[in-house]
Amino acid sequence: MKKKPTVLFLPGLGANQSMYEPLEKRMTPDTYSPRYIHYHRPEKKESLDDYARRMFFDQKLTGAFDCVVACSMGSMICQSALEHGYLKTKRLILLSPGFTGDNLTAFSKITAELIRWTPGFLRASIRDFLAFIYPYFRHNTSTNRLFAAMVKQCDTRLFFEGPAMIRRWRRNSDSEAGKFYGIQCFQFQGTSDPLISYRKICAMRVPERPIYRGNHISFIDAWDEIAEALRLV
């Protein structure tokens, strides 16, 4: 019997494995073996590299996968794991990725540094309020309530301090950022993303699938294309 391709899914910050439900509904059941990373509560002042290593080893996700699908912060965690050698894959599907913390927009960098100072006793209330209003700001998306529910479930330390952890992240060698030797890569990137600079991304790697005038989650309108890339595994 032919072995099923293994696929590792890494969600973005504020999300969990539920974000990939629309993608998996487009896949033929029982044709692949999925695994999911579950985001732990980060330690105080933990680097993104240390955070990635701790989760991969604690959740026994080290080793080789036929394909890795990673979104936003998940793409950075994935790159850290690849760079340090405890993750291997034949194919990458990257959704709104960043290649270093410097890829963030000025708005995103300032916000990351400001929100990490939010007092602990206010964090849950602010997170829940943002989850409540999210559908009204994303009324044009088909999965707005799904994303709002995921925000409400997100660990408060990760939600408020994760952006600063991303902001500080650097590759061991900046010259290697955006390079994936021997790995087939499909990159979906919004050209008007307010969080990650499309110009800075293109200076490192030109996306195979630019989403014109797209924001940080515009890939949700490309699930069919993403599913096709995944079926090629």
Looking at region 157-180, is at least one residue among the polar types (S, T, N, Q), modelled with pLDDT under 95 and part of a helix (DSSP H, G or I)?
yes
I'd like the residue in region 181-230 that is part of a loop (DSSP other than H, G, I, E, B) and of a type in the set (Asp, Glu) and, out of all such residues, is surrounded by the fewest Cβ atoms within 10 Å (Cβ to Cβ).
GLU208
Give the residue, chosen from PHE107, PHE132, that is within 27 Å of PRO42 (Cβ to Cβ) and at pLDDT below 95.
PHE132
Among the residues of region 94-139, which ones are within 20 Å of the chain's Cα centre (by Cα) and exposed (fewer than 11 other Cβ atoms within 10 Å of the Cβ)?
ALA106
Within region 206-231, can you find the residues that are more than 18 Å from PRO22 (Cα to Cα), in contact with a Phe, Trp or Tyr (Cβ under 9 Å, 6 or more places away or on another chain) and among the hydrophobic types (A, V, I, L, M, F, W, C)?
ILE211
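The values are calculated or read from the model by the stated rules, or taken from the named source; none is laboratory data. Please read these numbers as outputs of a predicted model, since none were measured by experiment. Neighbour counts run over all protein chains shown; Cβ positions are idealised from the backbone, glycine included.
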